[in-house]
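Peer 1: Mind looking over this structure? Questions follow.
Nothing in this text is a laboratory measurement; each read-out follows from the coordinates by a stated rule. Values in this document were obtained by computation on a predicted structure and should not be read as measured data. With ideal geometry, Cβ positions are generated from the backbone for all residues, glycine too; neighbour counts draw on all protein chains shown.
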Amino acid sequence: MENLNELLEGNENWANSIKKINPEFFKKLALQQTPQYLWIGCSDSRVPANEITGTLPGAIFVHRNIANVVQLTDYNMLSVVYYAVKYLEVQHIIVCGHYGCGGVQAAMSSKSYGFIDGWLSNIKNVQRLHQEQLDALETEAQRADRLVELNVMEGVRSLSEISFIQEEWKKGKFPKIHGLVYSLKDGMLKDLDVTADCPECVAPALRYQLD
């Protein structure tokens, strides 16, 4: 129980520090959530969305999985995105990867990781699509960093292909979809400048005709 007690003590200290700054914070927070952002990030314990963006609880709606994969057959992720877009009306969706991602590094190897091999195949497919570009880089570290970026970029592209997101765009509404990468070495976020926010951002074959 020692480790659990440490967490509980840490929670008490954190809650008390927030109350000192804003005594009404948790009372207001309990009434509703109105986040502006949906964050699709990696499960890595070193990349917590609120901490690295300097935001308080309530600012970011979060979905995390190994290597921040955006897979359009993942009903867990799709349910989160649908709720965030249709009910919370978030203005921005952020796909955030991080350099030094263990999931990406595992996908680059030929080693079997058992049950998660199927999940890692999503990243292997990104690698396959961009193999020529990756092979042109000099070192394995450079290839790993670039695959982290390409995986994020593919995630942005995949989200833009979702029909209910395109439906919001046709109405002239949000969300804007962004791709970011976090550096564990200096704590900084990098904008990959791949924002998608309109049907024209989507390849014609993947645009829906919506009434």
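Peer 1: Using unit Cβ charges (K, R positive; D, E negative) and no other charged atoms, how large, in debye to the nearest 20, is the dipole of the chain about its Cα centre?
Peer 2: Result for the chain is approximately 420 debye, rounded to the nearest 20.
Peer 1: Can you check what the net charge comes to around S160, using other residues whose Cβ is under 14 Å from the Cβ of S160 (Lys, Arg +1; Asp, Glu -1)?
Peer 2: Once positives and negatives cancel, what remains is -2.
Peer 1: Within 12 Å, Cβ to Cβ, of C96, how many net charges do the neighbouring residues add up to if Lys/Arg are +1 and Asp/Glu are -1?
Peer 2: Here the count lands on -1.
Peer 1: Under the Kirkwood approximation for Rh and a Cα-based Rg, what ratio Rg/Rh is obtained for region 33-206?
Peer 2: 0.96
Peer 1: Counting other beta carbons within 10 Å of each residue's own, what order do R46, R64, R143 fall into, fewest first?
Peer 2: R46, R64, R143
Peer 1: While we're on this one: In deg cm²/dmol and to the nearest 500, what is the mean residue ellipticity at 222 nm of the chain if only DSSP H runs of at least 4 residues count, each as -39500 (n - 2.57), divided by the residue total?
Peer 2: Value at 222 nm, helices only, nearest 500: -13500 deg cm²/dmol.
Peer 1: Cα-based Rg (one decimal) and Dmax (whole number) for region 1-111, in Å?
Peer 2: 16.7, 53
Peer 1: OK, next. Give the share of C-alpha pairs in each 10 angstrom bin for region 1-54, from 0 to the last occupied bin, in whole percents, shortest bins first.
Peer 2: 18, 35, 42, 5
Peer 1: Follow-up question, since we're still on this one. Which is farthest toward the positive dipole end of the chain among W39, G103, I18, measuring Cα position about the Cα centre, with Cβ charges +1 (Lys, Arg) and -1 (Asp, Glu)?
Peer 2: Farthest along the dipole direction, towards plus: I18.
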